[in-house]
Amino acid sequence: MTALTLDGVNTFYGRSHILFDLSLEAREGAVTCLLGRNGSGKTTTIRTIMGLTPPASGTIAWEGRRISGLRPWQIFRLGIKLVPQGRGIFPRLSVEENLRLAMVRAEIGDAGVELGKVWALFPILEERRRQPGATLSGGQLQMLAIARALLGRTRLILMDEPTEGLAPLVVQSIREALGRIRASGVTVLLAEQNVRLALEIGDQHHIIDNGRIRFSGPSEAIRSNEDVKTSYLGVSRR
Ligand SMILES: Nc1ncnc2c1ncn2[C@@H]1O[C@H](COP(=O)(O)OP(=O)(O)O)[C@@H](O)[C@H]1O
Ligand SMILES: [Mg+2]
């Protein structure tokens, strides 16, 4: 079933037209990837879905209900959560304080249960629970950002380049976490520049270039399409 649908979306920053008649779908329980070079419009697409930069025209629907025009907090309440590029962790607060602050915002009653879920997904965060955000490694910061988005009821998680700047071994642990998140039934929309990772874990992909969708299809359709890879993904011919 299609969970999220963007139909003919146009988004501007001031007078700059960034997304052009963008249409895409994300299936329930699947990992859908947004691929494309730096500056192609991945972050803007995610911000547009979240209501942070609302579309000037076009519609966004979640489970058949129109969400374009809703405020970000209303979209959040539907269980649509953002893991921002750059992670957005408070550096002077501890791991646990960062989580508890997010729980207050999400109006979560039973903090113990929620923390238990986080520690189960990312045991390293439990070990570091009293450490300030500033002392975490890049991978741990990313885990904390993901954990924060999963607090409470999460139906759709929008992840903006979670593996950016991470060492291969750490990318592996994020990848495993993604697998567990998907297995728990959460729908994932993932913006990625790591094409190899995206093709391994993604079910469907949308390639965006200059604010336009240039190609949509499953991993296999991209792997076998040399033109798409060289034109939009910077993958060189071998
Ligand atoms: N706040 C902003 N104001 C104006 N232009 C922006 C802003 N943020 C991004 N852009 C422009 O929008 C385009 C898409 O950017 P972005 O969505 O961040 O791409 P990506 O996430 O794929 O790297 C780029 O040309 C970028 O320069
Ligand atoms: Mg971006």
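Look at the dipole of the chain built from charges on Cβ: of 11, 225, 178, the Cα furthest out on the positive end belongs to 11.
A protection proxy built from the mean count of other Cβ atoms within 10 Å ranks the segments 100-110, 198-208, most packed first, as 198-208, 100-110. If only the Cβ of Lys and Arg carry +1 and only the Cβ of Asp and Glu carry -1, the dipole of region 33-104 around its Cα centre is close to 120 debye. Taking the C-alpha atoms only, the angle from helix 168-183 to the longest principal axis of the chain is near 90 degrees. Which angle between 0 and 90 degrees, to the nearest 10, do you get for helix 138-150 versus the longest principal axis of the chain when only C-alpha atoms count? Taking the Cα atoms of the chain, the angle to 138-150 is about 90 degrees. Phi-derived couplings, Karplus 6.51 cos²θ - 1.76 cosθ + 1.60 at θ = phi - 60°, listed residue by residue for region 219-225: 3, 4, 5, 7, 3, 8, 10 Hz, with x used for Gly and Pro.
Overall, the ratio between the Cα radius of gyration of the chain and 2.2 N^0.38 Å, rounded to two decimals, is 1.00. In deg cm²/dmol and to the nearest 500, what is the mean residue ellipticity at 222 nm of the chain if only DSSP H runs of at least 4 residues count, each as -39500 (n - 2.57), divided by the residue total? Using -39500 (n - 2.57) per qualifying helix, the result is -10500 deg cm²/dmol. Counting only alpha carbon atoms, the long axis of helix 95-105 and the longest principal axis of the chain meet at about 70°. The ranking of 232, 13 from fewest to most other beta carbons within 10 Å of each one's beta carbon is 13, 232. Sequentially through region 191-204, phi angles give Karplus couplings (6.51, -1.76, 1.60; θ = phi - 60°) of 8, 9, 9, 7, 4, 4, 4, 4, 5, 6, 9, x, 8, 10 Hz, Gly and Pro residues having no value and appearing as x.
Beta-bridge orientation, the chain: approximately 55 percent antiparallel, per DSSP, counting only bridges with both partners inside. Database remark: amide H of residue 3 closer than 5 angstrom to the amide H of 26, 27, 28 (H placed geometrically; neighbours at sequence offset of 5 or more, or on other chains; Pro and chain starts carry no H). When the chain is treated as a Gaussian network with alpha carbon springs shorter than 10 Å, the biggest mean-square fluctuation among 161, 63, 96 belongs to 63. Any idea what diffusion coefficient region 40-84 gets from Stokes-Einstein, in µm²/s, Kirkwood Rh on alpha carbon pairs, 20 °C, 1.002 mPa s? Roughly 202 µm²/s, to the nearest whole number. Of the Cα atoms belonging to region 123-201, the radius of gyration and Dmax stand at 12.5, 36 Å.
Since every read-out is calculated from the coordinates, none of them should be taken as a lab result. None of the values given here were measured: they were computed from a predicted structure. Using ideal geometry, Cβ is built from the backbone for each residue, glycine included, and neighbour counts are taken over all protein chains shown.
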